[in-house]
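The block underneath contains the structure these notes are about, expressed in C-alpha cells.
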Amino acid sequence: MDSRMIGILGGGQLGRMLLEAANRRNIRVAVLDKKGSPAKQINATNPGVEGSFADPQAIRKLASHCDVLTVEIEHVDTYVLEKLENESKSQGKKLEIHPSWQAIRTIQDKYLQKMTLLEGKIDISRSIAVPTASEMELRKIGSQLRYPFMLKARTGAYDGRGNYAVKSEKDIEPALDALKDRPLYAEEWVNFTMELAVMVVKTEDKADTSSWEMSTVSYPTVETIHEDSICKLVYAPARQISNETDQRAQRLARKAIASFKGKGIFGVEMFLLKDDSILVNEIAPRPHNSGHYTIESCRLSQYDLHLQAILGRPIPAKATALLRPAIMLNILGGDDPKSFLQLASAADAAGAKVHLYGKGDATKGRKMGHLTMLGNNMDELEDDVEPLIRLADKIRG
Ligand code: ATP
Ligand code: MG
Ligand code: MG
C-alpha cells in the first residue's frame, strides 16, 4: 500500500500495538529499542536498530533507512531530531518527523507544556516553577498554593513516578528528597469529580489554535480511574456525563492539540470539576493508555489513525465513532512476577479481549497488558468486569 519506511523511537507496548496496525496494512516499520522489546518481538520484516531512543547515534542509524520517524514515548532526544530535519532539508531529502521535535520537546517538560497551554488560552491548574528546589522556596509556594499541592518532576515522569503530594509543611523535606536532582514545578491541588481523557488526531503539520476545527479530529470522551497515580480503568464512554460535557471536553482537547506542531495521535488527560468546568492535566504526543479501547470499540483505532495521519492519508468520516461501549482494565504486575497471568486467564475465560505485551516477568505495578470488555450497555459491562477488577486488586495487593 505504501513503500515508505516508518521508524519508531521506542519499542514498548504502544509501539507493539502500532506495529499490529501497521502489519495488517503491509506498512514497513523499523523499531529503535533494546533487543526483544515488545514491539520488536512482532516485527519479523525488519531488525530495526538496537539501542536507546535517547541516544543520538542510535536515532541517526534508525533515520538513515526511514522516510518517516515517529515516537511511542516522549522521553527521546529531540536535539538530534532537530538536526536530522535540518540536514534532510538542506540535502533536498524528505525525512518527515511526526509529531514535530518542537512538540515533543515542549511536552516532555511538563512545566513548559503547561505554559504553552496557557498561551493557547487552555485552562490548567495553577503551576509554579521551582528553580532552586529549596525548602524555603517550597514553603513560599505552600503559602501561595495552600496545602495539599502536587510537586512534580518536569521531565522523565510517567505513571506518577515523578509526583509527590505535599500535604503539609512537614512533607517538604521528604518530597525534595524523593525528587532530588530532578527539575521541578508545583501544581495546585485539583479536587476533581472525575478524570476524563480524549484522544485527538492532528492532521495538519502547523501549530495554529485558530484552525483547530480543520486540523484535528477527536475520539469520544472517556473516564479514567487512576490508583496510586497509575491508570487502572477506562470507561468508554465516560459514565454519567452529559452530551454537552462530552462535546466540551472534545473541543478543549482539540484546541489544546492544535497549539502543537506536527501530525499524529495525541492523548489529552483532563480533570472535571464540581462546577462542570474542565482543566487539562497533561498531554501525551503519542498513542495513550486511555485510547486502547479504540482497538475493539471504534471504527478505526488510535493506532490506525496515527498511521493515517503521519503518512498524510485522509481520516475517513466517522473513523473515531464509538461503535459499542467498553471498559478497559490494565493488567498490572503484583508481588509475584507471574500473578498477572491469572488475570489474563480470567479475562480470557470471561470473554474479554486480552492484550499481553510480551514483557516477561512482572515487577509490582508494571503495565504487563490490558483487557477490553465490550458490551451493549455500561450497566451490563460493569457487572461483567466487576470480578476481574476484584482479581486485579487482589493481585496488586
Ligand atoms: P502518566 O503516566 O499519565 O504520564 P504522570 O506521571 O505524568 O502520569 P500525572 O498525569 O501528572 O502523572 O498525574 C498522575 C495522576 O495523579 C493524575 O491522573 C491524577 O489522578 C493525579 N494528579 C496529578 N496532578 C494532580 C493535581 N494537581 N491535583 C490532584 N491530583 C493530581
Ligand atoms: Mg505524564
Ligand atoms: Mg498523566
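The values are calculated or read from the model by the stated rules, or taken from the named source; none is laboratory data. Being a predicted model, the structure only gives us computed values, none of them experimental. As a convention, Cβ positions derive from the backbone with ideal geometry for all residues, glycine included, and neighbour counts pool all protein chains shown.
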Kindly provide the set of residues from the range 278-304 that are under 18 Å from Thr203 (Cα atoms) and within 10 Å of ligand 1 (Cβ to nearest atom), ordered by number. Ile283, Ala284, His288
Ser290 fails exactly one of (1) more than 22 Å from Lys114 (Cα to Cα); (2) modelled with pLDDT of 95 or more, namely (1)
Within the range 183-210, of all residues that are among the hydrophobic types (A, V, I, L, M, F, W, C), within 16 Å of ligand 3 (Cβ to nearest atom) and outside any loop (DSSP other than H, G, I, E, B), the one surrounded by the most Cβ atoms within 10 Å (Cβ to Cβ) is Met199
For the range 319-397, which strands (runs of 3 or more DSSP E) that fit wholly inside it have 1 or more residues that are free of Cβ contacts under 8 Å to residues at least 60 places away in the same chain and under 28 Å from Ile265 (Cα atoms)? 353-356, 367-374
When restricted to Ile310, Ile389, Ile327, the only residue within 19 Å of the chain's Cα centre (by Cα), within 24 Å of Arg239 (Cα to Cα) and among the β-branched types (Val, Ile, Thr) is Ile327
State whether the residues of the range 162-169 include one that is at pLDDT 95 or above, of a type outside the set (Lys, Arg) and away from ligand 1 (no atom under 16 Å from the Cβ). yes
Can you say whether Arg182 is modelled with pLDDT of 95 or more, over 20 Å from the mean Cα position of the chain (by Cα) and at positive phi, as far as the supplied structure shows? no
Subset of the range 211-221, residues buried (at least 17 other Cβ atoms within 10 Å of the Cβ) and away from ligand 1 (no atom under 16 Å from the Cβ), comes to Trp212, Ser215, Thr216, Val217, Ser218, Tyr219, Pro220
Which residue, of Ser297, Ser277, is closer than 30 Å to Ala103 by Cβ, among the hydroxyl-bearing types (Ser, Thr, Tyr) and in contact with a Leu (Cβ under 8 Å, 6 or more places away or on another chain)? Ser297
How many residues are of a type in the set (A, V, I, L, M, F, W, C) and away from ligand 3 (no atom under 16 Å from the Cβ) if we restrict to the range 123-168? 10
Six or more apart or on different chains, Cβ atoms under 7 Å: show the pairs whose first residue is in the range 156-175 and under 29 Å from Ile73 (Cα atoms) and whose second is acidic (Asp, Glu) and near ligand 2 (Cβ under 10 Å from one of its atoms). none
Can you confirm whether Tyr111 is free of Cβ contacts under 8 Å to residues at least 24 places away in the same chain and within 16 Å of ligand 2 (Cβ to nearest atom)? no
